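The values are calculated or read from the model by the stated rules, or taken from the named source; none is laboratory data. Everything quoted here is computed from the prediction, not taken from an experiment. Heads up, the Cβs are rebuilt from the backbone with ideal geometry, glycines too, and the neighbour counts pull from every protein chain shown. We work out accessible area using only protein heavy atoms, side chains counted, and drop any ligands, DNA or RNA first. Shrake-Rupley method; radii C 1.70, N 1.55, O 1.52, S 1.80 Å.
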Amino acid sequence: RVPSPALSSLESSLKSGANYLNKLTDRARGERRILETAKILLFTSEDHCTIAHTAEGEHVIDVSLTHLEERLDPRGFVRTHRNSIAAIDQIESIGGTEDSYLALKGGLRLPLSRSARKEVLAKLQGK
């Protein structure tokens, strides 16, 4: 059976990552600003708010970390803890054994959960 052209096109777009989030909007002072995911260093969750951290500052967004984890390109982001997702290219080092942490470029340190440690290490090693 030969697949239809539409099905082949859909399969190609899925393989290329076309369905990953590449833009988000923040909610600041009554206006919406567009944030490109490529410029986001880190997502954190604080007091039921999701915050996107960029070089320009912090932006409150209306998307949960769980939803982000499902929709972000896994080649670019990794869940590091129940309250954070980091851009892989921002991870500088991993420290600790019992109380693990990530050191990001710029000096920020984040907790690294035991359950996320293996996946973070694998992604840093390009696996």
Which aspartates and glutamates have a Cα less than 19 Å from the Cα of K39, not counting those fewer than 8 places away in the same chain?
-> D26, E56, E58, D62, E69, E70, D73, D89, E92
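Let me spell out the model: positive unit charges on the Cβ of Lys and Arg, negative unit charges on the Cβ of Asp and Glu, origin at the Cα centre of the range 28-78. What dipole size does that give, in debye rounded to 20?
Roughly 180 debye, rounded to the nearest 20.
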Give me the number: length gained by fully extending L108 to E69, i.e. 0.36 nm times residue separation minus the C-alpha to C-alpha distance, one decimal in nm.
-> 12.0 nm
Give the ranking of D99, D89, D73 by solvent-accessible surface, highest area first, calculated with a 1.4 Å probe.
-> D99, D89, D73
Förster radius 22 Å - calculated FRET efficiency between I34 and N83 (Cβ-Cβ, nearest 0.05) | 0.35
Evaluate the relative contact order of the range 18-62 (contact order divided by residue number), counting alpha-carbon pairs under 8 angstrom at least 6 apart; express in whole percent.
-> 33 percent
If you roll a 1.4 Å probe over the heavy atoms of the protein chains, what accessible area per residue do you get for the range 25-127, in Å²?
-> 63 Å²
